[in-house]
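The values are calculated or read from the model by the stated rules, or taken from the named source; none is laboratory data. This structure is a prediction, so every number in the text was calculated from the model and none was measured. Cβ sites come from the backbone with ideal geometry, for glycine too, and all protein chains shown count toward neighbours. Just the protein is used for accessible areas: all its heavy atoms, side chains included, with ligands, DNA and RNA removed. Shrake-Rupley method; radii C 1.70, N 1.55, O 1.52, S 1.80 Å.
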Amino acid sequence: MERPNYTQDYDKVLRSLYRAIIFLSSFAVVLALGLIYYGLMGNPFAPKQSPPVVDTQQKQPVSRSAAAADERIEDGIHLATGLRVADGFEVVRANCTGCHSGKLIAQNRATRDGWQEMIRWMQRTQGLWELGGNEDTILNYLAANYAPQEIGRRASLDVEAIEWYILEE
Ligand code: HEC
């Protein structure tokens with residue numbers, strides 16, 4: 001019987017081991033390339049999304065984006081802003097609807113002084129800009145259209161105006 005040639009066998013084993021290592025490392029290379037692609041380009045299998053729309057018009061004193069918005073007016077109310085269309089409307093719209101909806105304004109009732117207080121508060125704490133010559137126009141508009149006596153929201157209690165009655169004993 002032939003004696004086993006251990007050197008040859010050893011060579012064979014070594015060669016198949018190399019083959020296995022090369023075979024496996026080709027997977028590793030493909031995987032690594034995939035990860036690099038993923039890292040650089042993002043998930044290629046993700047559904048295509050349009051980039052988020054950035055509203056660059058926000059917080060700007062004069063809003064021109066409104067031109068593209070809904071301009072319908074119903075019962076004197078400008079639908080997009082919720083504000084009543086009256087003298088000064090455009091000035092109010094330009095200065096007062098950048099940070100919050102006009103509906104927040106329409107929900108409120110105040111005297112001219114009260115409105116001025118709110119404006120001062122926003123100027124002190126919320127970054128509202130100086131309104132300059134527009135302040136008068138804005139206050140006139142607010143005082144005329146969102147005055148306390150209007151129905152909608154109850155005015156603050158006016159003690160003088162309450163008709164007190166005496167409880168019977
Ligand atoms: C720079 C940003 C900014 C602008 C411009 C701005 N406001 Fe405001 N306003 C705010 C913030 C912030 C609040 C608080 C919002 C909240 O409470 O959700 C607020 C709140 C209000 C409120 C609610 C107050 C309350 O007591 O609930 C009214 C009314 C109002 N603003 C009216 C106006 C008017 C009128 C103008 C235009 C002269 C205006 N805002 C412009 C930032 C702004």
**Study point:** Counted residues, the range 67-96 - those being among the β-branched types (V, I, T) and open to solvent by 50 Å² or more (accessible area, probe 1.4 Å)
**Key:** 2
Study note, to complete from the structure: Here the residues within the range 102-128 that are within 7 Å of the ligand (Cβ to nearest atom) and under 18 Å from V91 (Cβ atoms) are L104, I105, N108, W115, M118, I119, M122, L128
Study note, to complete from the structure: Counted residues in the range 129-138 being open to solvent by less than 60 Å² (accessible area, probe 1.4 Å) and within 9 Å of the ligand (Cβ to nearest atom) come to 3
Review point. Are there any pairs, at least 6 apart or on different chains, whose C-beta atoms fall under 6 Å, with the first in the range 88-106 and closer than 15 Å to A144 by Cβ and the second in a loop (DSSP other than H, G, I, E, B) and not polar (S, T, N, Q), and if so, which?
Key: A106/G82
Check your understanding: Does L83 satisfy the condition of being in the same structural domain as T137 (by TED's automatic domain parsing) and at pLDDT below 95?
Key -> no
